[in-house]
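So the structure is just underneath, and the comments pick up after that.
The values are calculated or read from the model by the stated rules, or taken from the named source; none is laboratory data. Predicted model, so just to flag it, every value in this text is computed and none were measured. FYI the Cβ positions are ideal-geometry reconstructions off the backbone, even for glycines, and counts take in every protein chain you see.
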Amino acid sequence: MVVPVLSFVAAALILSCGGGGGGSSGGVGSAFTIAALAICLGSPPAPTPTPSPTKTHTPSPSPTPACSPIFSATVPTSGPTPTVQFNAQGTFTKPNSKKVIFFDATNAALWFSGGDPKLFTGKATYSGTPPGQWTGVTKGCTCIAAQSGGIESQTVTLGVATPAASCPTCPAALPTP
C-alpha cells in the first residue's frame, strides 16, 4: 500500500519539476495535474528518450500516446499464465492551457476490485508484480478499478474463467479500499 503512494508522489515530483536556469523546460514542465485515469489492456508503454535538440543537450522523453480504455476483459484461473495485464494511463492538463499529456500511472495507481458479492462472485488478485497484472483465482465475475491522485478510473468488468460478456455490468465507481 505504501509503494503505490510513494510511486505516485515520485511521479508527481517529476512532473512538477521545471526547467533549468535561463532556458525552457525540455521535459514535462511544472503545474500539470491529473484530470483523468484510464485502464487499458497490456503492459505500460516503456518511456523512451528520443533525441531532440534542447539547450541542455539532454534527450527529451517522447510523448506517451493515448491508450484505448477498456470496459471488460477475461482472465483464466489455470494454465501456464492465469493472468491478465493492464496499464493505467493518466491524462494530465496544465491550468490555463489547452496542453494535455498522457503519462503512465500504472506503478503509482492504487488497484482494487469489488462489486456486489451477490452478483460478482469471481475473484482475481492484484500482486503488483509486475504492476498492472491480475491473477484469476475463483471462477465468476468481478470489477476492477484504479485510482491515482484522487482520480478513479473507469470500472472494468473482469470475467474470471468466464466470458466477460456474460457478466453483469460493473457500477460506475467502486468503493476505494
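What the table below lists for this structure:
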{"read-out": "Unique match (being over 16 Å from L41 (Cα atoms), at pLDDT 95 or above and not hydroxyl-bearing (S, T, Y)) among V137, V156", "value": "V137"}
{"read-out": "Yes/no for S153 being in contact with a helix residue (DSSP H, G or I) (Cβ under 6 Å, 6 or more places away or on another chain) and farther than 21 Å from P76 by Cβ", "value": "no"}
{"read-out": "Enumeration of residues in the range 70-105 that are more than 18 Å from the chain's Cα centre (by Cα) and among the small types (G, A, S)", "value": "S78, G79, S97"}
{"read-out": "Tally, over the range 58-73, of residues that are at pLDDT below 90 and crowded, with 17+ Cβ neighbours inside 10 Å", "value": "1"}
{"read-out": "Test for Q147: is it touching a residue at least 12 places away in the same chain (Cβ under 8 Å) and either assigned to a loop (DSSP other than H, G, I, E, B) or on the phi > 0 side of the Ramachandran plot (or both)", "value": "no"}
{"read-out": "Strands (runs of 3 or more DSSP E) wholly inside the range 74-127 containing at least 3 residues that are of a type outside the set (A, V, I, L, M, F, W, C), buried (at least 16 other Cβ atoms within 10 Å of the Cβ) and in contact (Cβ under 8 Å) with a residue 12 or more places away in the chain", "value": "83-93"}
{"read-out": "Selected residue [touching a strand residue (DSSP E or B) at 6+ places or on another chain (Cβ under 9 Å) and either outside any loop (DSSP other than H, G, I, E, B) or among the basic types (K, R) (or both)] from A173, A165", "value": "A165"}
